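As structure tokens, the structure follows; a few thoughts come after it.
Computed from the coordinates by the stated procedures, all read-outs in this text should not be read as laboratory data. Just so it is clear, the structure is predicted and the values come from calculations on it, not from any experiment. In this analysis, Cβ positions are derived from the backbone assuming ideal geometry, glycine residues included, and neighbour counts consider all displayed protein chains.
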Amino acid sequence: MRAILTMLMIGLLVGSAGCDIIPDGDNNGNNNGNNNGNDNDNDQAKSFAADLSGAAERPDPVQTDATGTGKFELNDDETQLTYDITASGLSGDVNGAHFHLSDNGAEGSGGVVFGFSEEVNNDGNGGVTVQGVWNLTAQDVANIRAGDIYVNLHTDANPAGEIRGNLVEEF
């Protein structure tokens, strides 16, 4: 009887030697010791959006028919933010366009952290498109994730800004 138990134990040990008993997190049943090279924190957004309006201007909202939208994408290394901003109904051509750091979240106003005025394409009828890339620091990324970065478009009629919008995460 002892010999049979010993043989069964050896058989179980030998038979289980090739089995994965500790999952690796990729749910494919292979214990390959990694997570398929994906070290990104999956609950961190890479996409952001902004709705720009005169009502969002601070400290004083602006009466304007202008509206705008922005789409923003962080690269995988979180060192660059690609942006695509459009607006229409502006009182005139955009003569200044910037990312600002809000000193008090969505309600605050703050200094310019990145200007992109040279990338503005005015259509001459109150419309504008802006596309480009912002090279980020770790602090810039933290400020974006905290909701403390906003886009501001300036015109001659509204030199402090005609429309603005904070970047918000999209999942």
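List of remarks:
- Just one of the listed residues (158, 143) is touching a residue at least 12 places away in the same chain (Cβ under 8 Å), part of a loop (DSSP other than H, G, I, E, B) and surrounded by 13 or more Cβ atoms within 10 Å (Cβ to Cβ), and it is 158.
- Scoring residue 170 on the criteria (1) in contact with a Leu (Cβ under 8 Å, 6 or more places away or on another chain); (2) surrounded by fewer than 16 Cβ atoms within 10 Å (Cβ to Cβ) leaves a single failure, condition (1).
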